[in-house]
Amino acid sequence: MFMRRRPLQRPAAIGGGAHVARKRAARRTAGQAREDDEQNERLLSLEQLSLEQRRQAQGAAGGHAPSMLDQLGRLAALHRQGALTDTEFSAAKAKLLGT
């Protein structure tokens, strides 16, 4: 016996496939937009950091240089915090004092 196919089965399958493809493309686009936004935020924060560093450098160059006592105090603070080893602290202190 011959079974008759439904007349709308093929267009429905094609339309359903197209619908799924559009949804996947939309998800990819949304994901790419989110990644682009995150990258733009990272770039903006790096630019702000760079700007702050340039301002500090200009302030130090344009204004007065930190005194030797201030620099020694910063070195001592770094040494106490553990950021500088004993040998690094001694080398930096000797360089600052010119010995």
Open item on the list: Looking only at region 57-75, how many residues end up being at pLDDT below 70 and loosely packed, with under 10 Cβ neighbours inside 10 Å?
Closed with: 5
Task: Filter result for Thr87 (at negative phi and either outside any helix (DSSP H, G or I) or surrounded by fewer than 10 Cβ atoms within 10 Å (Cβ to Cβ) (or both)) - done: yes
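The values are calculated or read from the model by the stated rules, or taken from the named source; none is laboratory data. All values derive from a computational prediction rather than experimental measurement. A quick note on method: Cβ atoms are made from the backbone with ideal geometry, for glycine too, and the neighbour counts reach across all protein chains shown.
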